[in-house]
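Below: one structure, written as structure tokens.
The values are calculated or read from the model by the stated rules, or taken from the named source; none is laboratory data. The structure presented is a predicted model; accordingly, all values stated were derived computationally and were not measured. Methodologically, a virtual Cβ is constructed for each residue, glycine included, from the backbone with ideal geometry; neighbour enumeration extends over all protein chains shown.
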């Protein structure tokens, strides 16, 4: 019997993962991960060295080929996904400018984004579906390299995380609408690159050539280079299919739209999203954090997000000496909801609502211990997701069904706490490789697989549903109301700590 294996690669914010999916059984035939260490820079910089990305890609692909053994010859296609935005800028030699990629959590363009939001925010939201934010490729490029980076020839190509992987695999540069739109670089109405976005960021010289062609997800756009194939042990010439941003790949892995589910992704970022009908021409768009054109003309992806979700717990693990994120969560459960009065502001990587948000403890006193601090962090992370989901619900964009994804979904206690804040059941997918699975499914689609066929339901990631404890719902509602009030009351204070500066006229 012929074996058909599809490989998905996912470049997350902290690690690179690869998964080999057997299309016949739905089993994961091989799985590999490699850490992506970040270099912290002054002013909130967060970069990943080019050499670290190359090494991680080589390790995971080599491990996949090793686990598959002779079945590596049955890999039919490869798909890639990755975190959105950040900066993957190539020079004339095809190397990352400055020898590093810039993560989407980078905060060096915060003041630039806030100033630009004041002058161009409404017009940009109307055109591209989001206002300016620090992790956008254009704002990072303008901040780090100057407005004439393209004109000088320093910046030759602008890629996204998944597309940089694809470039390393195939030598081809291309992207898809979901990444380009999430980054606020394409016009919602047409799906074409937005000159208004380039002009506002001060990078008017950007062009479709610099940004690459837009290819539909699930379509082949290159083949595995012989050198890459030889280095990792996979067959040369394997088709490489266009994937999508990791959010959409994960939603594909559980068929969120077909099942009528919104998602809450507990990853480095807090990402909360639902797919709904596109706003008719001439009508105002719902005032959410982001509206994404991901391809279908009648559908849009609506998002509420922040650069800080599980990143807060990772920070607490290191800063408070817990040693691991799991240890933070375990300690937190030794303190009650509300942590005896301690509150945490869950914005270690910044936030956009309130603008310029930063992290900190409020109400901390000498009698509080590490368990209370851990509980405050965990409560705030989950409450921030509930706050975001509430904003989607306020605009009629949140369906009844919700699935929790990402690393946080592996802990049922976090899922049950979210259910308590929402006052209704929450499904969770404890498989943290939904992004890689989704990328593998795009590879399978490129070879003719119909993911909507009932016979292929076995390819989806499994989920379980957890209901809140009825007795906890009133206390959760009280906590969430207080959390919302605290964040709203601190909005003026956040503006005092962002270090905003006036932009030069050339950046307007």
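If you check 36, 31, 57, which single one turns out to be within 13 Å of residue 229 (Cα to Cα), in the same structural domain as residue 15 (by TED's automatic domain parsing) and under 24 Å from the mean Cα position of the chain (by Cα)? First the steps, then the outcome.
Working: 36 fails: within 13 Å of residue 229 (Cα to Cα); 31 fails: within 13 Å of residue 229 (Cα to Cα).
One residue alone meets the criteria, 57.
The single condition from (1) surrounded by fewer than 24 Cβ atoms within 10 Å (Cβ to Cβ); (2) modelled with pLDDT of 95 or more; (3) within 30 Å of residue 60 (Cα to Cα) that residue 212 fails is (2).
None of 343, 375 is buried (at least 18 other Cβ atoms within 10 Å of the Cβ), more than 23 Å from the chain's Cα centre (by Cα) and closer than 17 Å to residue 477 by Cβ except 343.
Does region 95-109 hold any residues that are without any contact (Cβ under 8 Å) to a residue 60 or more places away in the chain and either part of a loop (DSSP other than H, G, I, E, B) or under 17 Å from residue 356 (Cβ atoms) (or both), and which are they? Of everything in region 95-109, those that are without any contact (Cβ under 8 Å) to a residue 60 or more places away in the chain and either part of a loop (DSSP other than H, G, I, E, B) or under 17 Å from residue 356 (Cβ atoms) (or both) turn out to be 95, 109. Check region 52-71 and report whether any residue there is touching a residue at least 60 places away in the same chain (Cβ under 8 Å) and not in a helix (DSSP H, G or I). No, region 52-71 has no match at all. Filtered by the rule that a residue be in contact with a helix residue (DSSP H, G or I) (Cβ under 9 Å, 6 or more places away or on another chain) and either closer than 13 Å to residue 155 by Cα or in a loop (DSSP other than H, G, I, E, B) (or both), region 198-214 gives 202, 203, 204, 205, 206, 207, 210, 211, 212.
Does residue 294 qualify as being modelled with pLDDT of 95 or more, in contact with a helix residue (DSSP H, G or I) (Cβ under 9 Å, 6 or more places away or on another chain), within 27 Å of residue 117 (Cβ to Cβ) and part of a loop (DSSP other than H, G, I, E, B)? When the stated conditions are applied, residue 294 passes them. Answer yes or no: is there a residue in region 409-416 that is surrounded by 15 or more Cβ atoms within 10 Å (Cβ to Cβ), within 25 Å of residue 257 (Cβ to Cβ) and without any contact (Cβ under 8 Å) to a residue 24 or more places away in the chain. Within region 409-416, one or more residues are surrounded by 15 or more Cβ atoms within 10 Å (Cβ to Cβ), within 25 Å of residue 257 (Cβ to Cβ) and without any contact (Cβ under 8 Å) to a residue 24 or more places away in the chain. Screening the candidates 249, 258 for the property of being within 27 Å of residue 77 (Cα to Cα), touching a strand residue (DSSP E or B) at 6+ places or on another chain (Cβ under 8 Å) and either not in a strand (DSSP E or B) or not assigned by TED's automatic domain parsing to the domain that holds residue 294 (or both) yields one hit, 249. Residues in region 421-444 that are part of a helix (DSSP H, G or I), crowded, with 24+ Cβ neighbours inside 10 Å and in contact with a strand residue (DSSP E or B) (Cβ under 9 Å, 6 or more places away or on another chain): 434, 435, 436, 437, 438, 439, 440, 441, 442, 443, 444. Across region 263-290, the number of residues qualifying as assigned to a strand (DSSP E or B) and surrounded by fewer than 24 Cβ atoms within 10 Å (Cβ to Cβ) comes to 3. Considering only residues in region 474-508 that are more than 12 Å from residue 115 (Cα to Cα) and either assigned to a loop (DSSP other than H, G, I, E, B) or not assigned by TED's automatic domain parsing to the domain that holds residue 341 (or both), the one that is modelled with the highest pLDDT turns out to be 490. Within the option set 213, 209, being assigned by TED's automatic domain parsing to the domain that holds residue 109 and free of Cβ contacts under 8 Å to residues at least 24 places away in the same chain holds for one residue only, 209.
The residue list 86, 69, 45 contains one member that is on the phi > 0 side of the Ramachandran plot and surrounded by fewer than 21 Cβ atoms within 10 Å (Cβ to Cβ), which is 69.
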